[in-house]
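Q: Following this message is one structure expressed as structure tokens.
The values are calculated or read from the model by the stated rules, or taken from the named source; none is laboratory data. All figures in this text were calculated on a predicted structure; none of them were measured in a lab. Cβ placement follows ideal geometry from the backbone for every residue including glycine, while neighbour counts extend to all protein chains displayed.
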């Protein structure tokens with residue numbers, strides 16, 4: 001019985017990681033050699049949550065389970081200037097690579113980098129459509145349900161007549177998966193969604209159209225991954 005319970009608990013933890021982002025890369029010195037033992041920290045700007053790892057013997061680092069949001073990346077190692085990169089935007093399910101070359105100097109000195117352009121994801125061949133916070137809040141909707149925004153994605157259509165069951169790449173509507181904050185929102189009957197969160201509760205969402213990873217393998221159609229809004233360091237609210 002203990003083994004069965006342990007297995008069930010492990011399954012819950014693994015599934016809750018669905019939709020989280022990943023940041024990876026290699027830390028090198030000015031000559032291009034790998035730097036082992038560098039401390040790599042990603043801090044989420046709105047919550048100040050920190051995620052840290054140490055680079056391997058080959059200089060590689062990998063930050064897993066990152067929530068979607070804006071991050072500040074800091075890398076330190078004795079004998080090198082501290083590296084700061086702000087404005088690093090990670091979306092739902094991103095697998096983003098970022099190699100860093102440190103400059104010689106003291107850790108009290110720093111190199112500041114402001115991200116001007118989004119980083120490209122080259123690790124996977126996933127075809128998806130992302131709707132960020134600004135679009136969720138500003139695009140017009142006939143009601144308070146986010147599902148019509150899914151139809152903005154290529155290959156997605158709503159049958160009409162007020163239906164909230166999109167067809168993704170021609171698949172049957174009831175073969176789609178809905179994941180809210182890493183947890184499936186489907187009832188035991190296939191395709192029946194437990195509830196649809198209101199627009200004010202959604203931070204961002206994306207639609208996996210095809211070629212997505214096995215973590216979303218429960219569906220034969222598409223996968224709709226929603227990141228709910230969370231608290232932060234600034235007051236916010238909605239009036240309507």
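Q: Among (1) over 12 Å from the mean Cα position of the chain (by Cα); (2) surrounded by 15 or more Cβ atoms within 10 Å (Cβ to Cβ), where does residue 69 come up short?
A: Of (1) over 12 Å from the mean Cα position of the chain (by Cα); (2) surrounded by 15 or more Cβ atoms within 10 Å (Cβ to Cβ), only one is false for residue 69: (1).
Q: Scan the stretch 187-240 for residues that are at pLDDT below 75 and outside any loop (DSSP other than H, G, I, E, B) and report the count.
A: Qualifying residue count for the region: 4.
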